[in-house]
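Scroll down for the structure; my scribbles are underneath it.
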Amino acid sequence: MTSYSDFAHLSRDLDRAISHYERSLSKQQQPKKPPAPLPTAHFLSDVPNKPLTWLWPGRIPLGHLTLLDAAPGSGLSLFALTLAACISSGSPLPDGTPTQQGNVILLAPYDSASDTLKPRLEAAGGDPAHVLLFRPLVEDASRTTTRTRSFALPHDLDQLAATIRHLDARLVILDPASAIPGLSRCLPALIELAHQTNCAILLTRSLHQPPVDPLHSPGPTSPLLAAARSRLLLAPDPTDDGRQLLLTTKHPLCTQPGILASEAGIPTIHWLGERDRCQLTRLCTGPMRSPHRQAILRFLWNSATPQTIDDILNATSYDKDAGRKMLVRMKLAGELTSPARGLYTTANHPCLAQPIDDTPPAPNVPTVPSVPDIPSPSVPNVPIVPSPQSPTSGSSSQCDVPPIPSIPITDHIASIIPTDPPVPNVPNLAHGTTEVTQQQLLTLRKLLNV
């Protein structure tokens with residue numbers, strides 16, 4: 001007969017078996033993780049041909065990244081807003097090229113929309129209705145102070161892509177690119193987004209110092225420069241006061257366009273047309289020049305010949321001590337050159353092709369009367385006391401060292417010299433013997449002291 005304890009053990013074993021079966025069944029019903037996506041690859045023969053289109057011919061291509069660099073104080077953000085104004089209103093571009101009206105997406109986290117962005121856009125003739133400004137994203141609005149965060153990649157890349165497709169935007173401006181967290185890591189994804197949407201993406205970057213030779217320098221190496229298919233540079237004009245130059249330093253998709261000149265004003269930029277590249281073979285783009293520095297460059301450029309320091313300082317009304325230091329600094333910076341001592345002119349001035357004679361005139365030196373020759377007194381020959389060990393005179397004439405004259409002995413000294421001890425032989429240095437013993441020197445000294 002089955003007891004109650006046996007029934008309890010049987011029930012417990014049955015529950016364990018049912019639980020084990022349910023766990024194994026749930027594991028079998030769980031969906032498997034999808035395999036990792038494989039990299040897509042295809043032959044170029046399968047890729048359809050697509051013509052290259054431009055937002056700004058020769059400078060900003062559609063479907064690619066463009067890097068806009070600017071020297072300090074060159075109006076980087078103002079130039080970016082000028083482009084946004086041209087695209088949003090359909091007005092001609094700075095060089096006069098007509099453009100099609102389109103929508104612009106602007107990410108400018110450092111500038112105020114009410115007192116900076118919108119007034120400058122309207123002053124440049126832009127249409128604010130066609131410019132979408134990305135604001136900081138709200139994270140928590142339940143508190144008194146709304147918590148926001150800035151636009152970041154790759155977190156907000158899908159939102160940016162959806163906005164571009166929804167507005168059919170023609171231009172996206174990231175000003176500055178350094179304000180977008182994670183941008184460097186997402187450059188390949190941003191490039192692919194530009195390809196898929198055929199949208200021009202402009203990245204702005206402010207340089208720490210102006211380039212020494214912007215016409216031949218590609219700029220500081222960075223992931224942004226490598227990813228961009230075009231690079232524009234705003235730099236000060238070395239020959240004109242307060243003017244800026246727009247150069248294209250990277251242009252692998254076309255021939256190099258011309259150089260545009262402009263005058264930076266607030267709140268608009270006045271474009272002055274193209275500059276002759278032959279006059280700008282080397283740009284001396286040092287720090288932003290003071291009025292005195294600009295006056296020195298203007299005076300020397302308009303002068304036909306190099307000028308002296310006094311003429312430069314008098315023409316520019318500059319303090320002499322400070323002016324001399326300024327000329328030295330400008331020469332070290334490459335803005336001035338000194339073709340002759342005390343003369344200065346600008347670098348690559350046309351007068352440098354002519355040689356300058358900087359040889360100082362010879363001063364008039366009075367003629368010095370000639371002095372008659374004074375005969376030197378003759379030195380009498382002093383006889384040499386021969387020694388028994390000295391060689392013949394024939395051998396002494398071949399010695400290079402002159403003979404040491406012997407010391408004459410007076411009659412008084414000769415009368416008191418004893419005759420018994422022999423006089424020691426003193427070696428003659430003229431015959432090659434250069435060493436004298438100490439005993440011989442002492443003997444000679446006694447003889448002279450007697």
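The values are calculated or read from the model by the stated rules, or taken from the named source; none is laboratory data. In this text the structure is predicted, and so the values were computed from the model without any measurement. Reconstructed Cβ throughout: ideal geometry from the backbone, glycine too, with neighbour counts over all protein chains shown.
Key figures for this structure:
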item: Test result for LEU83, at pLDDT 95 or above and either in a strand (DSSP E or B) or in contact with a strand residue (DSSP E or B) (Cβ under 6 Å, 6 or more places away or on another chain) (or both); result: no
item: Every residue from the stretch 69-79 that is among the small types (Gly, Ala, Ser) and crowded, with 24+ Cβ neighbours inside 10 Å; result: ALA70, ALA71
item: Of all residues in the stretch 229-270 being small (Gly, Ala, Ser) and touching a residue at least 12 places away in the same chain (Cβ under 8 Å), the one that is surrounded by the fewest Cβ atoms within 10 Å (Cβ to Cβ); result: GLY242
item: Residues of the stretch 329-346 satisfying the condition of being under 26 Å from ARG243 (Cβ atoms) and surrounded by fewer than 20 Cβ atoms within 10 Å (Cβ to Cβ); result: ARG329, LYS331, LEU332, ALA333, GLY334, THR337
item: Candidates GLN30, GLN100, filtered to the one that is over 44 Å from the mean Cα position of the chain (by Cα) and either exposed (fewer than 10 other Cβ atoms within 10 Å of the Cβ) or at pLDDT below 85 (or both); result: GLN30
item: Strands (runs of 3 or more DSSP E) enclosed by the stretch 137-211 - at least 2 residues per element that are within 19 Å of LEU83 (Cβ to Cβ), modelled with pLDDT of 90 or more and more than 28 Å from the chain's Cα centre (by Cα); result: 171-174
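Residues are listed down the side, and each one gets a yes or a no for (1) outside the structural domain of LEU272 (by TED's automatic domain parsing); (2) within 21 Å of THR163 (Cβ to Cβ):
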{"residue": "ASP46", "(1), (2)": "yes, no"}
{"residue": "LEU62", "(1), (2)": "no, yes"}
{"residue": "THR82", "(1), (2)": "no, no"}
{"residue": "SER89", "(1), (2)": "no, yes"}
{"residue": "GLY96", "(1), (2)": "no, no"}
{"residue": "ALA113", "(1), (2)": "no, yes"}
